[in-house]
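Bear in mind these aren't lab numbers, they're just calculated from the coordinates by the rules spelled out. Keep in mind it's a predicted model, so treat the numbers as computed, not measured. Glycine gets a Cβ as well: all are built from the backbone with ideal geometry, and neighbour counts include every protein chain shown.
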Amino acid sequence: MGTHDALPDDRNVGIEIYVNGEFFPRAEARVSVFDSGFVVGDGIWEGLRLHQGHFAFLDRHLDRLFADAAATHLDIGMTREQVTAALHETVNRNQMTDGVHVRIMITRGDKKTPSQHPSNVIGGPNVVIIAEHKLADPGVRSSGISLFTATVRRPPPDTLDQRINSHSKLHEVIALIQATEAGADEALMLDPTGAVATCNATNFFVVRGDEVWTSTGLYNLPGITRGVVLEVAREGGIVAREHAFSLTDVYSADEAFVTGTFGGLTPVVKVDGRIIGGGVEGSMTTHLRGLYEAAVERSIGASHG
C-alpha cells in the first residue's frame, strides 16, 4: 500500500492518449524504441490533478516544466499556451472533469542510433499526455503508510540535480524496492550528508511540537504540494522550517506525513519499524490538509476567472 494506490476505474480501459498532437486508444499508443527517454532516460515530466474541470496549480506546474526544459537544454517545441491547450484537449477528448490525474512526458526525441549524444536526435521532441480517472485509495489515508530508510542516497546537484523532474528515476526505484522488500510501503531517502532528504516519490515532513519541518530542498524535487503546504502553514501562523534534520528527529517526531500531487497529504505512522506519534494521523496533519485543500479550491477558482 502506498501513496500512489488508486481505486480501480474501468473507464481507463477506453482512454485516448495524446502522442505528438494525435490521439490513440490506450492499447495503440506508442513511441519508438529509439526514443531518448527509452534509450537513456533523457526526458522530463509533470503530474497534474484535474478538479472540477480545471487543473490545480497549473501555472506552478508549467513553471517547473519549462524550467526543467531550460536546465536540460530540451526544446519542448511548444509554447506554454500550446502545452496548456494540449492538456485541455486531452481531458476534453476523454470527457473528463474531476478526479483525474494527468501526466505529460517530454523526451528529447527519437535517436538515429541508441546513444547519449543529443546530435543523434532525429526531428523534434516526443510529447505524450496520459489522462486517467484516478482517485486515491481512501484506505491509504485512513491507515497511514510506513517508511523504510533506504541505503540509496539522493545524489548532490553536481551528480544529478534532484530538483529536475527527469525520467532518470532508477535510484528511486531501487530505494522503493529496498523498502517494499523490508515490508514498508515506501522509501525514505537521505542526502549525502546523512540528513533526511525526501521519499522515493513524495516529499517528507515531520511535526515537532507546534512546528513543521521538511528538508532543505537541495536534494529533492521542489514538489508543488510541498510548496503549497509550506505557504499555507506560514500564512496560518504555523512555523514551517526548511532545514537539515536527522533520523533521530524523525523517530522522536510527534507526527509525520508526505505530500504529493496525487495523494495530497498522507500520514506516516511508522518509520523503520518505529511508531510515529500515536500511530495514527495527527491533528497538525489534519489541519494542514484542510488548509491545502482550501488552496486547491482557490487555485481552480482563479482559473475560472
Based on other C-beta atoms within 10 Å, arrange LYS169, LYS112, LYS270 from fewest to most.
LYS112, LYS169, LYS270
Helix axis angle, 58-71 relative to the chain longest principal axis, alpha carbon, degrees
70
Whole-number D in µm²/s for the chain (Stokes-Einstein; Kirkwood sum over Cα pairs; 25 °C, 0.890 mPa s)
122
Just the Cα atoms of the range 139-301, one point each, no solvent: what log10 I(q)/I(0) does Debye give at q = 0.16 Å⁻¹?
-0.86
Linear extension gain, THR193 paired with ARG103, 0.36 nm per residue minus alpha-carbon span:
29.2 nm
When HIS133, HIS117 are ranked with the fewest other C-beta atoms within 10 Å first, the list becomes HIS117, HIS133
With both partners inside the range 139-301, how many of the DSSP beta bridges are antiparallel, as a percent to the nearest 5?
65
How big is the Rg/Rh ratio for the range 29-95, C-alpha atoms only, Rh by Kirkwood, two decimals?
0.99
If you take every residue apart from ARG226 with its C-beta less than 14 Å away from the C-beta of ARG226, what net charge results, scoring Lys and Arg +1 and Asp and Glu -1?
+4
Cut-off under 5 Å, modelled amide H: who pairs with VAL100 long-range
LEU50, LYS134
Under the 0.36 nm per residue contour assumption, what length would be gained going from the current alpha-carbon distance of ASP210 and ALA85 to full extension?
40.7 nm
Return a whole-number percent for the relative contact order of the chain, with Cα pairs under 8 Å and 6 or more residues apart as the contact set.
19
What whole number of Å gives the distance from the Cα centroid of the range 255-305 to the Cα centroid of the range 183-202?
18
When N is the residue count of the range 1-160, what does its C-alpha Rg come to as a fraction of 2.2 N^0.38 Å?
1.14
In nm, to one decimal, how far is the modelled label at GLU22 from the one at GLU297, with both set 7 Å along Cα→Cβ?
4.4
Straight distance only, please: which aspartates and glutamates reach the Cα of LYS169 with their own Cα at less than 13 Å, same-chain residues fewer than 8 apart left out?
ASP42, ASP161
Where nothing but the Cβ of Lys and Arg (+1) and of Asp and Glu (-1) is charged, how large is the charge dipole of the range 10-135 around its Cα centre, in debye to the nearest 20?
180
Counting other C-beta atoms within 10 Å, which of TYR219, TYR292 has the fewest, and how do the rest follow?
TYR292, TYR219
Go through the range 219-225 residue by residue and turn each phi into a ³J(HN,Hα) via Karplus (6.51, -1.76, 1.60, θ = phi - 60°); whole Hz please, and just put x for glycine and proline.
10, 8, 4, x, x, 5, 5
Dividing the helical contributions, -39500 (n - 2.57) per DSSP H run of n ≥ 4, by the residues of the chain yields a 222 nm value, nearest 500 deg cm²/dmol, of -9000 deg cm²/dmol
